[in-house]
Amino acid sequence: MGNRPPLLDITALPHKGRSFLLNEDVSAGDVVLRTKPYAAIPDCGSRTFVCAHCLKPPKITHQEQSHSASPERERQPLPVSCVTCCVASYCTSTCADRDFLKFHRFECAFLAELGATTKNDDDGALTEYERDYLWLLVRVLIGRAWEVKGEEHDVKDDTSAREAEETMRFEDVWALCSNASSFSAEAVKRFHVVAGHLLHFVQGHLLPGFKFPSDVEDSLLWAPETQDVPNPKSPPPNAAASNSPQHSALYKSLLTLICKEECNSFGLYTFAYQGPTVPRQGYALALYPRAVFFNHSCLPNVGHITNTCLESSAGTVKASGGQEKMVDYTELIFYATRDIKRGDEAVISYIELDEADTDAAGDGEGRSAVERRRMALNDMFFFKCACVRCEFEADATTPPRTLTDLSALLCRKDGCRGRFMPSALAGSHEPEPATEGTKGGLTKASPAITEDPSPARTDSAKDLRLKTAHARKHGPSRQTWTCEACGRIRQNA
Ligand SMILES: [Zn+2]
Ligand SMILES: [Zn+2]
Ligand SMILES: [Zn+2]
Ligand SMILES: [Zn+2]
């Protein structure tokens, strides 16, 4: 994979901005992008279960057999915890040591302070989500500080050879769109609270921690050519004096950074916590600067997963030749959900595809599914979806079955909330499948994978309907799909 040229070109499309276009034909199931985060953290509910360095997901020690009950599963707390901040936990002392060198020695005292103070401070009281993205941005800033210091962003370890394939810089984060003027006044008010904490982190912890002279402060955050970014329009609270910290260039750029994070971060999720019938259960938050050019479609041709489905008991999988290979749990893998032609745009879904199909909240006021879906997208991502599925459904004409039938993408059997992923990814880290892989700590890798270690990608049919006809004519395709949540196998037909 390392030397393979990227399959995705970044091209500016009208009304869409920078977008990903395929530069060659790909078949359903093909991986179109693997990418690592600039920064990642386990979320509030997962801090004692998910490693703060490698994001290795928790072991499930007990699970009910009943699918319908979906009980909270018993998770095994990680063996190593930082007793100073009580925030970061690690799967091994090696992870703890590496994380301390790279991140934790700069953030630990700040995280400890945050845990001790915010509960009593009304305005400063942070929601769990705000704590999550605050910690994520703390790590972004530490990464930036390493770059300014001119040292390797990553501490050398046995994964350094792999990491060398993709070097991420802060300028990749800073190049992300901020949609700064789109956020509500209420949202911007909260950004100011978080920015205040970030400012304190930079001045009280980051600069002293790196022993930077104070003049580094204002040059820490941005590349000069991108300095003219819009800032949220509402004025900062309690900032009457023009020499107040809220007017500093540093503070403004921290606000901008928050907007960028809010528009571009990925929540990572699992089905291991509560089982397949509960919608995807978040465990981490991460920024993938290389992955932000996927636009949204309600009928996506690309899906994405993390390597959590690859876990074996040792946290490694067997690569070719029986040699064990480290699993990178932070990596995000994007795969084609159907055949895509060269020059077509690669699109993912930002929301659950059938999220708005039922008016669960009951406040839809008679709105149709497409109206509810468009509202949800507009509220969260500030655009009116004009994807092919939305356009057809809004037209009230009868959409082609290929547009409304999501059964190729979504499992939904017995209430399952999972999506299908290529079976080759479900059971293996490239290039060889693992024979003892588990999925999200739940389901054994399917027998189909061991029977068929190298699924052929020979589908030439253009869409699912054609593919069915193709299968009838030429025999079943060997590409199979596995539900990420319940492990069910779907054949291509
Ligand atoms: Zn770890
Ligand atoms: Zn700590
Ligand atoms: Zn749409
Ligand atoms: Zn399923």
Being outside any loop (DSSP other than H, G, I, E, B) and open to solvent by less than 30 Å² (accessible area, probe 1.4 Å) is the filter here; which residues of region 267-279 pass it? Leu268, Thr270
Return only the number of the condition from (1) farther than 21 Å from Leu114 by Cβ; (2) at pLDDT below 55 that Ser214 does not satisfy. (2)
Just a yes or no: is a residue in region 140-150 at pLDDT below 95, within 16 Å of ligand 1 (Cβ to nearest atom) and surrounded by 22 or more Cβ atoms within 10 Å (Cβ to Cβ)? no
Pick out the one residue from Ala434, Ala369 that is modelled with pLDDT under 85 and in contact with a strand residue (DSSP E or B) (Cβ under 7 Å, 6 or more places away or on another chain). Ala434
Give the residue that is modelled with the lowest pLDDT, with candidates limited to residues of region 36-76 that are surrounded by fewer than 20 Cβ atoms within 10 Å (Cβ to Cβ) and touching a helix residue (DSSP H, G or I) at 6+ places or on another chain (Cβ under 8 Å). Ser68
Within region 95-116, restricting attention to residues that are open to solvent by 70 Å² or more (accessible area, probe 1.4 Å) and within 16 Å of ligand 1 (Cβ to nearest atom), which residue is farthest from His200 (Cα to Cα)? Asp97
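The values are calculated or read from the model by the stated rules, or taken from the named source; none is laboratory data. What you see is a predicted model, and the numbers here were worked out from it, not measured in a lab. Cβ atoms come from the backbone with ideal geometry, glycine included; neighbour counts cover every protein chain shown. Keep in mind that these areas ignore ligands, DNA and RNA; they rest on the heavy atoms of the full protein, side chains included. Shrake-Rupley method; radii C 1.70, N 1.55, O 1.52, S 1.80 Å.
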